[in-house]
Amino acid sequence: MTERKFTVLKGGLSSPCESDRKTFISAFSTNTRLMGVVGLYIHWEMGIDGLSSDFHQFFYLDAEEYGFETYRSIVGGDIAEIAFVEQTLLGGLGGSRVDLSQKEACHLVQQYAKMNRRLNLPLPQGRREYQFLLDAEIEMTPEEETALFAKQCAPIVSEYQAVNYFLMRAFSKDQDAAEFLREGDFPLDILDQTPAATLCKNTINPCENEWGLSYVCESLIELDTSYMLILSELTVQAYKVVSFEKRSAMNVSAAEAALMLSRPEFITVYEILSSPEEFDNQMIELTASALLTIHDNGRLFLSFHKNNDHVDKQIFRLNEDVFGLYYVTDFGQLIVAAYSVAGIHTLERDLRKSAVAKHLLPISKYEFKEPVLYEFIQSDFEEFEDFIDFLKD
């Protein structure tokens, strides 16, 4: 790995607090509010005792359950460090950046902090650094709040997208977002007294009737410990939902839900020819934009699509935001997986073009009717081929 040099500035700059002088430079949020989560970044110039430095703040804001969930900060101008934190915290959200004013950024932090208080959730660590944002006196007019909300939402470009986003937000009881997508007089609590739920899959069937075109939807939702299948009908005008009617609801088992969510998985297995340290150094660039999770027998890198276009489909699956996976085992194998032929070919091509190619020997390729990689990760098998033999037996 490249050695990073850090300069320690005396006078407290390495540990920002509310008493330090801060000058606002810029801010942005991701336009992913309709997915239920927003990433926020604020850049300040900070000074005390005649010294100055850049101060970068990152916020992970969840509108469904966790409110102001995660906070990270960096003092200084290490571009690689800033990019790493941004990618780690915000890289899996998809969407694009939208510029915010200081007032808008402060309001967002305060808004989600209020959600934490309402739900009795603790604020994340580092409060000493962001307390000045909570203390700022911010007044937003209703028009300004509406404009700020719209900024955080990616443009709706199809009626399929409008339907999927609306159902996603309504099932999760995210009233602000569902209201943003509604243009009609009908209740938003479409699940009645049931708790908030996650839309796992939605199948849209266009239907002609005497009033024009409507959409009959079959929605698989996940509650805390169970699944339900909801049949509903919606109509859309100008990318807004103008009517909604729930036709039926039925419980489904976990096995039935798994069958509904099943999709093919394509896997290529490589033998790693170099030492773990040398291989890891070469993998850094390839997985720089991936999300890392640590498991008992290896490390999993999730590569996400750069947008949320999977919402703009007649058949929506929540987990289709993942483009591909790299699993580096502790026993000398690299397992690459994708959910389409085009996807696995892209991952293989990226590997061949990367510096890591000379450290790999392809040994097998598989196509499965349903995903198996996570089962292997959770198993005690060291070699993927042994795991497949076990499945065959």
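We did not get these values from a lab; they are worked out from the coordinates using the rules stated. It should be emphasised that the depicted structure is a prediction, and the values quoted were computed from it without experimental measurement. As a convention, Cβ positions derive from the backbone with ideal geometry for all residues, glycine included, and neighbour counts pool all protein chains shown.
For this structure, a couple of remarks:
- Our estimate of slack between Val157 and Ser248, defined as 0.36 nm per intervening residue step minus the Cα-Cα distance, is 29.9 nm.
- The GluC sites (Glu not before Pro) of the range 303-393 that DSSP puts in a loop, and whose beta carbon has at most 16 other beta carbons within 10 Å, are Glu382, Glu383.
- Zone of Leu259's modelled label, taken as backbone nitrogen in the range 215-239 under 16 Å from a point 7 Å along Cα→Cβ: 220, 227-229
- Those lysines that a straight Cα-Cα span of less than 22 Å connects to Lys392, excepting residues fewer than 8 apart in one chain: Lys365, Lys369
- Set of lysines with alpha-carbon distance to Lys151 below 22 Å, sequence-local pairs under 8 removed: Lys103, Lys114, Lys173, Lys240, Lys306
- Among Ala147, Tyr339, Ser52 - extreme Cα towards positive end, dipole of the chain, charges at beta-carbon: Ser52
- Estimated from the Cβ-Cβ distance and a Förster radius of 56 angstrom, the FRET efficiency linking Gln314 and Ile294 is about 0.95.
- Selection of GluC sites (Glu not before Pro), the range 101-164, meeting DSSP coil and at most 16 other Cβ within 10 Å: Glu137, Glu139
- Checking (i) 24; (ii) 18; (iii) 13 against the coordinates, the calculated percent of Cα pairs over 41 Å apart falls under label (i).
- Cα centroid of the range 255-291 to Cα centroid of the range 206-251, whole Å: 36 Å
- Chymotrypsin sites (Phe, Trp or Tyr not before Pro) within the range 140-207: DSSP coil, no more than 13 neighbouring Cβ in 10 Å: none
- The radius of gyration of the Cα set in the range 159-259, together with its Dmax, comes out at 13.1, 40 angstrom.
- Along the chain, longest interval not containing exposed trypsin sites (Lys or Arg not before Pro), exposed being DSSP loop plus at most 13 other Cβ atoms within 10 Å: 11-305
- Chain lengthening between Glu143 and Ser226 when straightened (0.36 nm per residue, less Cα-Cα): 25.9 nm
- Gain on full stretching of the segment that runs from His345 to Val216 - 0.36 nm per residue minus C-alpha separation: 42.9 nm
- Across the options Ser219, Gln161, Leu133, the greatest Cα extent toward the positive end of the charge dipole of the chain (unit charges at beta carbon of Lys, Arg, Asp, Glu) belongs to Leu133.
- Counting only Cβ charges, +1 for Lys and Arg and -1 for Asp and Glu, the dipole size of the range 47-191 around its Cα centre is about 340 debye.
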